[in-house]
């Protein structure tokens with residue numbers, strides 16, 4: 001962020017002090033938000049890890065079904081998601097999705113021509129679908145929180161490392177300049193008084 005040249009005036013000093021007060025008032029709020037988001041991001045990562053483990057576990061369980069399912073491939077047509085229900089929660093200003101449930105379409109099939117293991121296989125496939133949906137929502141939730149955390153960290157660093165130090169430096173620069181100007185004015189005033197007194201003494205013929 002390029003720095004503009006600060007005006008060395010009393011009005012600018014007041015403006016810079018107001019800016020500093022605003023920055024220092026806003027920074028604790030940002031810092032608190034950063035901690036909240038970091039905590040929520042850690043929680044989202046743990047939830048994602050659990051969802052991933054559930055997915056892996058179900059995949060291992062269904063490995064034994066692969067050969068059987070190939071014998072009746074039309075079973076895939078019996079698993080269709082009708083509705084995915086989610087709710088929303090606000091975490092430190094971020095709206096995140098919360099998994100609620102999955103509804104599957106009830107598709108009839110011929111019990112007489114279907115293999116006897118169809119119901120058990122459908123249960124496993126649906127459980128795997130639910131686990132996959134849970135994982136996707138957990139990934140989205142973690143990504144949303146991370147993005148807000150990244151933005152908040154950038155803002156905290158901006159205030160801590162750039163805006164506040166720069167404003168304090170501007171205030172010091174203006175104060176030093178104004179103090180120098182005041183000192184110079186005092187010196188000029190003393191010199192002027194000395195000259196006036198000297199001229200007065202010369203006019204009166206008094207010794208210097």
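Below, the figures for the structure above:
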quantity: Test: residue in segment 2-24 that is under 14 Å from the mean Cα position of the chain (by Cα) and crowded, with 16+ Cβ neighbours inside 10 Å; calculated: no
quantity: Scope segment 110-136; condition part of a loop (DSSP other than H, G, I, E, B) and touching a helix residue (DSSP H, G or I) at 6+ places or on another chain (Cβ under 9 Å); matching residues; calculated: 111, 114, 115, 117
quantity: Checking residue 129 against (1) in contact with a strand residue (DSSP E or B) (Cβ under 9 Å, 6 or more places away or on another chain); (2) surrounded by 14 or more Cβ atoms within 10 Å (Cβ to Cβ); (3) at pLDDT 95 or above, the condition it does not meet; calculated: (3)
quantity: Of all residues making up segment 110-119, the number that are loosely packed, with under 10 Cβ neighbours inside 10 Å and at pLDDT 85 or above; calculated: 0
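For every residue, the table says whether it meets (1) in a loop (DSSP other than H, G, I, E, B); (2) on the phi < 0 side of the Ramachandran plot; (3) under 18 Å from the mean Cα position of the chain (by Cα); (4) buried (at least 16 other Cβ atoms within 10 Å of the Cβ).
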| residue | (1), (2), (3), (4) |
| --- | --- |
| 34 | no, yes, yes, yes |
| 41 | no, yes, yes, yes |
| 47 | no, yes, no, yes |
| 56 | no, yes, no, no |
| 63 | no, yes, no, no |
| 77 | no, yes, no, no |
| 89 | no, yes, yes, no |
| 97 | no, yes, yes, yes |
| 108 | yes, yes, no, no |
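The values are calculated or read from the model by the stated rules, or taken from the named source; none is laboratory data. Owing to the predicted nature of the structure, the values given are computational and were not obtained by experimental measurement. Cβ: placed from backbone, ideal geometry, glycine included. Neighbour counts: every protein chain shown.
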